[in-house]
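Since the structure comes first, as structure tokens, the remarks are kept for the end.
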Amino acid sequence: MTSKALLIVDVQKDFCPGGSLAVPDGDAVVKPINAMIEYARKNGWLIVASRDWHPAVTNHFKDYGGIWPVHCAQNTPGAEFHPNLDVADAIVVSKGTCVDEDGYSAFDGHTDGGEELADYLKRHGVDEIYLGGLATDYCVKFTALDAVAPRHDFTTALLLDACRAVNVNPGDGGKAVEEMRNAGVLISTTAEVTNGRA
Ligand code: VGL
Ligand code: ZN
């Protein structure tokens, strides 16, 4: 008996159109992810939502040596989950919380109880992860690569329709998907999973 988790990566206002680091078409992930949440709930999966959760001063931001505009600063409206995302009963994992940390991977993050994501998942018997969110070429990619890495070794599937890329350079999203595939991440869609074909 395997145990599964849905991992929703950084579907926050600042990464959606109108936000300070908007991912093109970023809010298009909300509908397929909500469908997956409903499916996950019905099937007794664990549901985890990560959030980028930066301090006001961090070398992740341009002003302090990083490459990004200010985004997802702790306790600001831009850091809130998309208002239509159905995450009321999700376990929240906060990441990028230190001044010297990018925190691209949800596996760098901690639950509200202070537990690392991998420990939380293992403690709940999870061995399969299905993930989607924002952005394909950063936090989704680094999270998926950590998930399949030998030290964690989760069976991991990317839900392609439930992700969008920031594409700082054109084609970054496609490259990221290939990188994940080459690392052993299964490439699937929400429909394949909910129709029982994955
Ligand atoms: C992300 C850029 C900077 C992400 C976070 O969630 O993909 N991208 N911080
Ligand atoms: Zn960030």
Residues HIS71, HIS124: which one is of a type outside the set (A, V, I, L, M) and either away from ligand 2 (no atom under 11 Å from the Cβ) or within 17 Å of ALA147 (Cβ to Cβ) (or both)? HIS124
Taking segment 19-38 and keeping residues open to solvent by 60 Å² or more (accessible area, probe 1.4 Å) and away from ligand 1 (no atom under 16 Å from the Cβ) leaves LYS31, GLU38
Picked from segment 88-128 (must be of a type in the set (Val, Ile, Thr) and surrounded by 19 or more Cβ atoms within 10 Å (Cβ to Cβ)), the residue nearest to the chain's Cα centre (by Cα) is VAL93
When (1) away from ligand 2 (no atom under 13 Å from the Cβ); (2) part of a loop (DSSP other than H, G, I, E, B); (3) touching a Phe, Trp or Tyr at 6+ places or on another chain (Cβ under 7 Å) are applied to ALA49, the one that fails is (2)
Restricting to segment 131-189, count the residues that are in contact with a Ser or Thr (Cβ under 8 Å, 6 or more places away or on another chain), among the aliphatic types (A, V, I, L, M) and in a strand (DSSP E or B). 7
Has segment 134-157 got at least one residue that is farther than 25 Å from ILE187 by Cβ and of a type in the set (A, V, I, L, M, F, W, C)? no
Regarding ILE187, is this residue more than 16 Å from ligand 2 (Cβ to nearest atom), closer than 16 Å to SER50 by Cβ and not polar (S, T, N, Q)? no
Could you give me the residue pairs with C-beta distances under 7 Å whose first residue belongs to segment 138-158 and is under 21 Å from VAL193 (Cβ atoms), whose second residue is open to solvent by 30 Å² or more (accessible area, probe 1.4 Å) and within 13 Å of ligand 1 (Cβ to nearest atom) wherever it lies, and which are 6+ apart or on separate chains? CYS139/TYR104
Criterion: more than 14 Å from the chain's Cα centre (by Cα), among the small types (Gly, Ala, Ser) and under 28 Å from GLY125 (Cα atoms) - qualifying residue of ALA40, ALA28: ALA40
Within segment 37-55, identify whether any single residue is within 22 Å of SER105 (Cα to Cα), among the polar types (S, T, N, Q) and in contact (Cβ under 8 Å) with a residue 60 or more places away in the chain, and answer yes or no. yes
Complete set of residues in segment 60-119 that are assigned to a loop (DSSP other than H, G, I, E, B), farther than 26 Å from ALA176 by Cβ and within 16 Å of ligand 1 (Cβ to nearest atom): GLN74, THR76, VAL99
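The values are calculated or read from the model by the stated rules, or taken from the named source; none is laboratory data. Just so it is clear, the model here is predicted, and its values are computed rather than measured. Cβ coordinates were reconstructed from backbone atoms using ideal geometry, including for glycine residues, and neighbour counts include every protein chain displayed. Heads up: the accessible areas ignore ligands, DNA and RNA and are worked out on the full protein's heavy atoms, side chains in. Shrake-Rupley method; radii C 1.70, N 1.55, O 1.52, S 1.80 Å.
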